[in-house]
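The values are calculated or read from the model by the stated rules, or taken from the named source; none is laboratory data. Note that the coordinates shown come from a computational prediction; the quantities given were computed from them, not determined experimentally. For neighbour counting, all protein chains shown are included, and Cβ atoms are generated from backbone atoms with ideal geometry for every residue, glycine included.
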Amino acid sequence: MKKGIKIIVIMLLAFIALQFWKPAEIEYSTPTKNLTNVPDEVNTILRNSCFDCHSNTTNLSWFDKITPANFIVSSHITDGRKALNFSNWDDLDKQKQNSILFYAFNKILSGEMPLKSYTALHPSAKLDDRSVAVLKNYVTSIAARKTNPQKPLPSNAKDNDNIVLNNTISDYSKVKPSPNKISYIPNFRNWKAVSTSDRFDNVSMRIIFGNSIAVKAIEEHQTNPWPDGAIFAKTAWKQKTETDGTVSAGEFIQVEFMIKDAKKYKSTKGWGWARWKGNNLKPYGDNANFDQECIACHNPVKNNDYVFTTPLHLDSNTFNIYTKSK
């Protein structure tokens, strides 16, 4: 037998042997019904482009079942379901459903979803311009705050005093730590604002503050990964819409912290996660494992060191001007 034929036979036998090596079994075929309270056309788009990785209903092609491709497919599905599983849709309240659609659409707009590695072999999952327009129109229609309000939306904030964070607390040492033993950081209000976000889907607005280590990393463009010691504080307020359509901060909702320490927080992706809600700063979470919820939410940006925030790349002079203006 010629050497070339021997090599081909050996490779063929190795390939056949590989087919007995399979990834851990996951649920593929549990039927997922259409999303309630969502138009048929939107359901069709999401089912065609998202459900294979983001639901318990996965339509595998023949090549998806071949080793080693099946390991890649299984990993994509497992990660996708952790971030978002449409099979759990009816377990969520209406506001959470709307927030998920808002989040998913922003991932589509940013080009992160569907994964290019997936659409390369599954072209039917690609979203054309018309499909994107349909999703955009629907997400905009369900937003709690319309882009051109005709009248002010109701707000629980009675006056600007609500903008003052935690004005009911005078001794922060009495604020209880989060269930995973992270202590509240009261001086974050002296940090620099590094980014903002507007969640028009649930009528909230956010300011993200960074400590000096985070600010230095931004200045030096060393943000992936972020250095140990970097801390973010993401504060959230209800939006207060005036009669002329302008929006300002209203009732305080919560503050969340992300603390980078690759060694200390190795088991939670290198970050310590904590959240305090309301003006009484009640720690969020029933037990120490609450941070798994945070990790699951941030998992889609694991290639960005699990950080959603796109920082404002301000230089040190800009920061100094900002500080003096305060």
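Of ASN224, ASN202, which residue is within 17 Å of the chain's Cα centre (by Cα), part of a loop (DSSP other than H, G, I, E, B) and within 30 Å of THR140 (Cβ to Cβ)?
Exactly one residue qualifies, and that residue is ASN202.
Condition check: in the same structural domain as ASN303 (by TED's automatic domain parsing), touching a helix residue (DSSP H, G or I) at 6+ places or on another chain (Cβ under 9 Å) and crowded, with 19+ Cβ neighbours inside 10 Å. Does MET258 satisfy that?
yes
Does at least one position in region 151-159 carry a residue that is modelled with pLDDT under 85, part of a loop (DSSP other than H, G, I, E, B), among the hydrophobic types (A, V, I, L, M, F, W, C) and out of contact with any Ser or Thr (no Cβ under 8 Å at 6 or more places or on another chain)?
Yes, there is a match, as at least one residue in region 151-159 is modelled with pLDDT under 85, part of a loop (DSSP other than H, G, I, E, B), among the hydrophobic types (A, V, I, L, M, F, W, C) and out of contact with any Ser or Thr (no Cβ under 8 Å at 6 or more places or on another chain).
Looking only at residues that are of a type outside the set (Gly, Ala, Ser), part of a helix (DSSP H, G or I) and in contact (Cβ under 8 Å) with a residue 40 or more places away in the chain in region 111-137, which one is surrounded by the fewest Cβ atoms within 10 Å (Cβ to Cβ)?
Only one residue tops the list, namely VAL134.
Could you look through region 178-203, keep only residues that are crowded, with 17+ Cβ neighbours inside 10 Å and among the hydroxyl-bearing types (Ser, Thr, Tyr), and pick out the one that is nearest to GLN239 (Cα to Cα)?
Step by step, filter region 178-203, then rank; the result is SER195.
Please specify each residue of region 82-95 satisfying the condition of being assigned to a helix (DSSP H, G or I) and under 13 Å from the mean Cα position of the chain (by Cα).
LYS82, ALA83
Select from region 14-50 the residues that are aliphatic (A, V, I, L, M) and surrounded by 11 or more Cβ atoms within 10 Å (Cβ to Cβ) and write down the one among them that is modelled with the lowest pLDDT.
Only one residue fits best here, namely LEU18.
Every residue, every condition in (1) within 19 Å of ALA104 (Cα to Cα); (2) in contact with a Ser or Thr (Cβ under 6 Å, 6 or more places away or on another chain); (3) assigned to a loop (DSSP other than H, G, I, E, B); (4) at pLDDT 90 or above, yes or no:
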| residue | (1), (2), (3), (4) |
| --- | --- |
| ARG275 | no, no, no, yes |
| ASN279 | no, yes, yes, no |
| ASN289 | no, no, no, yes |
| GLU293 | yes, no, no, no |
| CYS297 | yes, no, no, no |
| PRO300 | yes, no, no, no |
| ASN303 | yes, no, no, no |
| VAL307 | yes, no, yes, yes |
| THR318 | no, no, no, no |
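Hey, among the residues in region 74-110 that are without any contact (Cβ under 8 Å) to a residue 60 or more places away in the chain and acidic (Asp, Glu), which one's farthest from ASN56 (Cα to Cα)?
Filtering first and then ranking leaves ASP93.
Can you find, within region 51-110, the residue that is surrounded by the fewest Cβ atoms within 10 Å (Cβ to Cβ) among those that are within 21 Å of LYS33 (Cα to Cα) and of a type in the set (Val, Ile, Thr)?
So the residue we want is THR78.
Determine the pairs where a residue that is in the same structural domain as TRP273 (by TED's automatic domain parsing) and within 23 Å of TYR103 (Cβ to Cβ), located within region 286-298, has a partner that is surrounded by 13 or more Cβ atoms within 10 Å (Cβ to Cβ) and not hydroxyl-bearing (Ser, Thr, Tyr) with Cβ atoms under 6 Å apart, the partner being 6 or more residues away or on another chain.
Once the first residue is in the same structural domain as TRP273 (by TED's automatic domain parsing) and within 23 Å of TYR103 (Cβ to Cβ) and sits in region 286-298, its partners that are surrounded by 13 or more Cβ atoms within 10 Å (Cβ to Cβ) and not hydroxyl-bearing (Ser, Thr, Tyr) give PHE290/PRO179; ASP291/ASN180; ASP291/TRP273; CYS294/TRP273; ILE295/LYS269; ALA296/LYS82.
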